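A.B. asks: What follows is a single structure, and I will ask about it in a moment.
The values are calculated or read from the model by the stated rules, or taken from the named source; none is laboratory data. Not measured: the values here are computed from a predicted model. Cβ sites come from the backbone with ideal geometry, for glycine too, and all protein chains shown count toward neighbours. Accessible surface is based on the protein model in full, side chains and every heavy atom, while ligands, DNA and RNA are left aside. Shrake-Rupley method; radii C 1.70, N 1.55, O 1.52, S 1.80 Å.
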Amino acid sequence: MSKNKHPETIALHGGDYRSDPATTAVAVPLYRTTSYQFNDTDHAANLFALKEFGNIYTRIMNPTNDVLEKRVAALEGGLAAVTVGSGQAASTFAIMNVCQSGDNFISSTDLYGGTVNLFTHTLKKLGIECRYADPSDPNNFEKLIDEKTRCFYAETLPNPYLRVFPIKEVSDIGRKHNIPLIMDNTAAPIICKPLEHGAAVVVHSLTKFIGGHGTVIGGALVDGGNFDWTKDPKRQPLFNEPDPSYGGAKWGEVVPQLTGANVSFAVRARVCLLRDLGAPLAPDNAWGIIQGLETVPLRMQQHCSNAEKAVAFLQKHKNVDRVIYPTLHKGEIGERSKKYLKGGNGALVGIEVKGGVEAGKKFIESLKMFYHVANIGDARSLAIHPATTTHSQLTEEELLAAGVTPGYVRLSIGIEHPDDIIADLDQALGASGKPSLKAVS
Ligand code: PLP
């Protein structure tokens with residue numbers, strides 16, 4: 001159904017789902033069940049032995065999640081997806097699916113603050129080392145490779161810098177060394193397809209644009225089916241050495257044999273990591289995210305066109321020192337937005353309000369329609385001051401490396417009418433130079 005279809009169609013019809021086989025219900029049903037009745041003991045044994053694929057237990061799979069997984073995979077142009085309880089879980093699973101204690105991976109310095117914490121501290125405690133490369137020069141990734149490097153990791157459209165990642169350039173370097181590139185595409189669904197540019201895996205926080213309504217936390221890993229996990233067995237031991245936890249399975253070999261598809265990454269993440277670490281996406285949440293996913297192509301258009309209008313307004317405003325937006329970067333970095341973003345340049349906009357930290361804080365407190373929240377990608381417009389919130393656990397050095405200057409305010413432009421968005425920005429910027437009513441009362 002999804003082949004050769006456009007995103008607007010895939011979002012509504014993708015995922016092999018036409019109607020519920022039991023009831024003919026058209027909307028995707030919510031299967032609130034932990035378990036599934038086996039036909040007989042052979043059937044149960046075959047499912048556990050992966051000789052047959054089917055539902056076993058909702059920690060590992062669920063029919064509602066299955067539709068969401070297939071639709072997310074189809075929207076990204078991948079072969080299979082696995083949903084998990086949050087975007088953070090998706091990033092964790094992506095790394096743990098290729099790295100074990102003693103291994104390393106190379107990540108872009110342009111990252112969500114929560115991911116920096118995960119990579120720098122929590123994974124380190126598990127013996128997995130993250131090496132950071134500045135993406136302004138893709139060759140920085142190659143310089144850090146050694147024989148224990150298992151993957152590259154980056155975000156398509158990372159805030160606060162909002163410089164688009166050189167996906168093909170870094171993926172080409174990785175492929176020379178049989179190293180897969182994992183892309184967090186949370187901020188750019190629909191407008192960028194990292195798999196088409198050579199990434200091997202995409203992860204999403206479904207909490208953001210795909211869910212789209214600020215109601216549900218969720219994450220997904222998409223297997224691009226375009227990476228040969230068996231080509232260099234020493235480079236990818238978790239896919240080539242027998243897994244004692246699954247009867248000695250060599251995942252890189254056994255999955256294509258069983259399924260006829262190159263989905264070893266997705267299958268290993270599901271049957272090993274979801275089995276052992278838990279963190280499934282609850283079916284209720286999968287259902288909620290499907291409601292958002294069905295309109296994400298349409299919403300992305302409106303997010304992006306509103307953001308362009310807000311940027312044009314902000315650039316001319318006397319109380320704004322600087323506007324940060326993917327297309328405003330000069331030279332090669334600006335060119336990357338043309339190369340990788342199609343149909344829009346995203347909803348995220350950064351501004352430095354004239355007057356530094358205090359003016360930035362006053363601006364946020366003076367917004368009447370924008371919500372002041374730690375989220376992006378809601379249908380509503382949002383604002384936050386990263387240095388004191390989302391990125392507050394980073395050191396000063398890490399903050400600057402991530403592009404978080406003290407006065408930076410991050411805006412996630414919603415799908416309200418653009419005139420109302422601009423009116424709210426205008427009145428808040430006007431208030432940012434003098435005491436707001438709130439401060440006086
Ligand atoms: N990746 C990016 C780019 C994010 O912005 C976030 C959350 O802000 C995450 C991952 C983590 O997602 P979640 O909040 O769903 O765990």
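A.B. asks: Excluding ligands, DNA and RNA, what is the solvent-accessible area per residue of region 8-293 at a probe of 1.4 Å, expressed in Å²? Walk me through the numbers before you get to the answer.
C.D. replies: Details: 10940 Å² over 286 residues.
In whole numbers, region 8-293 has 38 Å² accessible per residue.
A.B. asks: Taking a 20 Å limit on the Cα-Cα distance, which of the listed pairs LYS148/LYS234; LYS70/LYS208; LYS316/LYS342; LYS309/LYS361; LYS143/LYS339 fall beyond it?
C.D. replies: Beyond 20 Å between Cα atoms: LYS316/LYS342; LYS309/LYS361; LYS143/LYS339.
A.B. asks: Express as a percent, rounded to the nearest 5, the fraction of DSSP beta bridges in the chain (both residues included) that run antiparallel.
C.D. replies: 60 percent
A.B. asks: Additional query: In percent, what relative contact order does region 68-164 have, based on Cα pairs under 8 Å that are 6 or more apart in sequence?
C.D. replies: Values: 116 pairs, mean separation 28.0, N = 97.
Reported as a whole number, the value is 29 percent.
A.B. asks: What's the extension gain from ASP40 to LYS330 if we count 0.36 nm per residue and subtract their Cα-Cα distance?
C.D. replies: 98.0 nm
A.B. asks: Under a GNM of the chain (C-alpha, springs under 10 Å), which listed residue has the highest mean-square fluctuation: THR109, THR395, THR215?
C.D. replies: THR395
A.B. asks: How long is the gain from GLU416 to THR23 if the chain were fully straight, where each residue apart is worth 0.36 nm and the alpha carbon distance is subtracted?
C.D. replies: 137.8 nm
A.B. asks: How big is the shadow of the Cα convex hull of region 8-293, averaged over all directions, in nm²?
C.D. replies: Directional mean of the projected Cα hull area for region 8-293 stands at 14.3 nm².
A.B. asks: Please identify, among GLY356, GLY260, GLY225, the residue showing maximal mean-square fluctuation in a Gaussian network model of the chain using a 10 angstrom Cα cutoff.
C.D. replies: Ranking GLY356, GLY260, GLY225 by mean-square fluctuation puts GLY260 first.
A.B. asks: To continue, here is another question. How much of the accessible area of region 8-293, probe 1.4 Å, is carbon plus sulfur, in whole percent? Walk me through the numbers on the way to the answer.
C.D. replies: Details: 5810 of 10940 Å².
It is 53 percent, rounded to a whole number.
A.B. asks: Could you please state, rounded to a whole Å, how far the C-alpha centre of region 113-128 is from the C-alpha centre of region 140-174?
C.D. replies: Region 113-128 and region 140-174 have Cα centres separated by 17 Å.
A.B. asks: So, one more: For the chain, with a Gaussian network of springs between Cα atoms less than 10 Å apart, report the residue from ALA269, ALA261, ALA200 with the top mean-square fluctuation.
C.D. replies: Checking each option, the largest mean-square fluctuation is seen for ALA261.
A.B. asks: Among the complete DSSP H segments of the chain, which ones combine at least 27 Å of alpha-carbon extent along their axis with a mean Kyte-Doolittle hydropathy of -1.0 or more? Before the final figure, lay out each step's value.
C.D. replies: Values: long enough: 296-316 (30 Å, -0.32).
Flagged H segments are 296-316.
A.B. asks: Hey, if you put +1 on the Cβ of every Lys and Arg and -1 on every Asp and Glu Cβ in region 297-433, which of MET300, ALA387, GLY350 ends up farthest toward the positive end of that dipole?
C.D. replies: The one lying farthest along the dipole's positive direction is MET300.
A.B. asks: Run the numbers on region 297-433 and let me know its relative contact order in percent, using alpha-carbon pairs under 8 Å that are six or more apart.
C.D. replies: Across region 297-433, relative contact order equals 32 percent.
A.B. asks: Rounded to the nearest 500 deg cm²/dmol, what is the calculated helix-only ellipticity per residue at 222 nm for the chain, with -39500 (n - 2.57) per DSSP H run of length n ≥ 4?
C.D. replies: Values: 17 runs with 155 residues, N = 441.
Helix-only estimate at 222 nm: -10000 deg cm²/dmol.
A.B. asks: Turning to a different aspect of this structure: Going highest first, how would you order 401-412, 36-47 by mean Cβ packing within 10 Å?
C.D. replies: 401-412, 36-47
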